[in-house]
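Okay, structure first, notes after.
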Amino acid sequence: MVLINHEKIHIRQQIEMLVIPFFLWYGIEYVIRFIQYRNSKLAYLNISFEREAYQNEKNLHYLKQRSFWSFLRYFMF
């Protein structure tokens, strides 16, 4: 159930960003994080979309209370 909730969070993110911009942002942020951390796993785990999904995947009510573009809270430099 946790994995399904994680993926549902990603689906909500994709819908909010109209799908294609989501994947562009995801890819660009991955490259930035890879340059920052010099490690592919750390780069992946620090993408704002992944940070939101991993931190909330166990909260099965998260999507009911989640506000629009909440992933921005997880964006950091």
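List of remarks:
- Those helices (runs of 4 or more DSSP H) lying entirely in the stretch 1-48 with at least 1 residues surrounded by 13 or more Cβ atoms within 10 Å (Cβ to Cβ) and among the hydroxyl-bearing types (Ser, Thr, Tyr): 20-37, 40-45
- Close pairs from the stretch 5-20: first closer than 11 Å to ARG66 by Cβ, partner surrounded by 15 or more Cβ atoms within 10 Å (Cβ to Cβ) and acidic (Asp, Glu), Cβ under 8 Å, at least 6 apart: ILE9/GLU52; ILE9/GLU57; GLN13/GLU52
- Matching residues in the stretch 49-76 - criterion: being outside any loop (DSSP other than H, G, I, E, B) and exposed (fewer than 13 other Cβ atoms within 10 Å of the Cβ): LYS64, GLN65, LEU72, ARG73
- Pairing each residue of the stretch 43-71 that is touching a residue at least 12 places away in the same chain (Cβ under 8 Å) with any residue that is of a type in the set (Asp, Glu), provided the two are 6+ apart or on different chains, yields C-beta distances under 7 Å for TYR44/GLU50; ILE47/GLU29; SER48/GLU29; PHE68/GLU16; TRP69/GLU16; SER70/GLU52; PHE71/GLU52.
Read the figures in this text as sums done on the coordinates, not as results from a lab. These numbers were taken from a predicted model, which means no experiment stands behind them. When we count neighbours, we look across all protein chains shown, and the Cβ atoms used for this are built from the backbone with ideal geometry, even at glycine.
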